Amino acid sequence: MDAIIMTSITYTKVIDDIAYLTLNNGTYNTIDDAIFLDLDRFKIFINQNPQLKGLVIMGEGRHFSSGANLNNIKNNSKNVNLLEDSLNRGKEILNYIETLPLITVAVIKGICFGAGVEIAMSCDYRVCSKNSKFSFPESENGFMPGLGGCLRLPKIVGKKEALKLILSSVIIDSEEANMIGLVDKVVAKGEALDEAISIINYLTNDRSIEQVRNICSLVKKQALIDKNALNDESKYFSKLVQTKFDNH
């Protein structure tokens, strides 16, 4: 049986030294809260499986994730401090995933919007099906990405593409996502998971766990995002949300 880490996330049993973390919250795997999993329990799971060489993050059903629950954001708009704290704690989760001494791959299909993209960007690699669509709809809704999107996206696709994607809220297809570097591989429908497993195996086969962990740990330390910048993003997001819903 899968172990549940909060209501919107499950992780499956480890298969061949790879763990699988699945977004599982309705048809579109909506992210109801920035604190989308119990980080302490997730750390225990990782620590109890020292043989792990990879982690796959994917969405249950037809989609990866449509992103944050707008109604929940609206309901929390009056309490800026609470919203800001929630975002910072959500970023702790993504920072932990980003610095795991494993090969991490996001398997994307269907819709991958907003917070869904931000979760996927915490992984080392992103593989998507041809039917995938990507967008940051936050600007169109009157605010901005709040789970590290403003900081991770330019590191992945460059400043110009990041500004375009975030400010325009344009929806892009898998081919464009691949062209700008947001995803690393586009495959036929139903093949993304196999491709993710192939990437992990290719990079870790015939390498000891100690090698994998030491190399991943050191390489990923060079890519850490400044904590003050992440906190600023949470602050700006919360103030924009308050302004947006105070005017309605």
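Simple rule: put +1 on each Lys or Arg Cβ and -1 on each Asp or Glu Cβ in the stretch 10-204, find the dipole, and look at Leu151, Met58, Ile119; the Cα lying farthest toward the positive end is Leu151. Rounded to the nearest 20 debye, the dipole magnitude of the stretch 10-204 is 200 debye, with +1 charges on Lys and Arg beta carbons, -1 on Asp and Glu beta carbons, and the Cα centre as origin.
Listed values for the stretch 218-229 are Karplus-derived 3J(HN,Hα) couplings in whole Hz (6.51 cos²θ - 1.76 cosθ + 1.60, θ = phi - 60°), namely 6, 4, 6, 4, 6, 9, 5, 8, 4, 5, 5, 5, and x replaces Gly and Pro. Across the stretch 88-181, how large is the tail of the calculated P(r) beyond 16 Å, expressed as a percent of all Cα pairs? The calculated P(r) of the stretch 88-181 puts 52 percent of pairs beyond 16 Å. In whole angstrom, note down how far apart the Cα centers of the stretch 14-76 and the stretch 181-248 are. Cα centres, the stretch 14-76 to the stretch 181-248: 13 Å. I need the shape label for the stretch 191-231. Rule: rounded when a/c is under 1.5, else prolate if a/b > b/c, else oblate, with a, b, c from the alpha carbon gyration tensor. Judged from the Cα gyration tensor, the stretch 191-231 comes out oblate (a/c at least 1.5, b/c at or above a/b). Converting phi to 3J(HN,Hα) with the Karplus coefficients 6.51, -1.76 and 1.60 and the offset θ = phi - 60°, the stretch 160-172 yields 5, 5, 5, 4, 5, 5, 6, 6, 8, 6, 5, 9, 10 Hz in sequence order, with x at every glycine or proline.
Given their separation in residues at 0.36 nm each and the Cα-Cα distance between them, Lys159 and Arg41 gain 38.9 nm when the chain is fully extended.
Hey, quick one: spin label on Lys13, modelled 7 Å out along Cα-Cβ, who in the stretch 42-65 has an amide N within reach, i.e. under 16 Å? Under 16 Å, as judged by backbone N against the label point of Lys13, lie 49 of the stretch 42-65. Among Ser208, Ser135, Ser168, the residue with the largest mean-square fluctuation in a Gaussian network model of the chain, with springs joining Cα atoms closer than 10 Å, is Ser208.
To make sure I understand, if each residue's beta carbon is the centre and we count other beta carbons within 10 Å, what order do Arg89, Arg207 fall in, fewest to most?
On the way: Arg89 15, Arg207 12.
So the ranking, lowest neighbour count to highest, is Arg207, Arg89.
Considering Cα pairs under 8 angstrom that are at least six residues apart, work out the relative contact order of the chain and quote it in whole percent. It comes to 20 percent, rounded to a whole number. Of the labelled figures [x] 14.9; [y] 12.5; [z] 13.8, only one reflects mean projected area of the Cα convex hull in nm² as derived from the coordinates, namely [y]. Simple spin-label estimate for Glu60 and Thr27 gives 1.6 nm between the two label positions (7 Å along the Cα-to-Cβ direction from each Cα).
Remark on Ile57: its backbone amide H falls under 5 Å from those of Leu21, Val105, Ala106, Val107, a criterion applied only to residues 5 or more positions apart or on other chains, H modelled at 1.01 Å from N. Gly148 sits among other residues whose Cβ lies under 9 Å from its own Cβ, and their net charge, with Lys and Arg +1 and Asp and Glu -1, is -1. Go ahead and set up a Gaussian network model of the chain, Cα springs under 10 Å, then flag whichever of Asp184, Asp226, Asp194 fluctuates most. Fluctuation is largest for Asp226.
Simple spin-label estimate for Glu191 and Gln211 gives 2.9 nm between the two label positions (7 Å along the Cα-to-Cβ direction from each Cα).
Where a number appears in this text, it was derived from the coordinates with a stated rule and is not lab data. Predicted model only: the values in this text are computed from it and were never measured. Neighbour counts run over all protein chains shown; Cβ positions are idealised from the backbone, glycine included.
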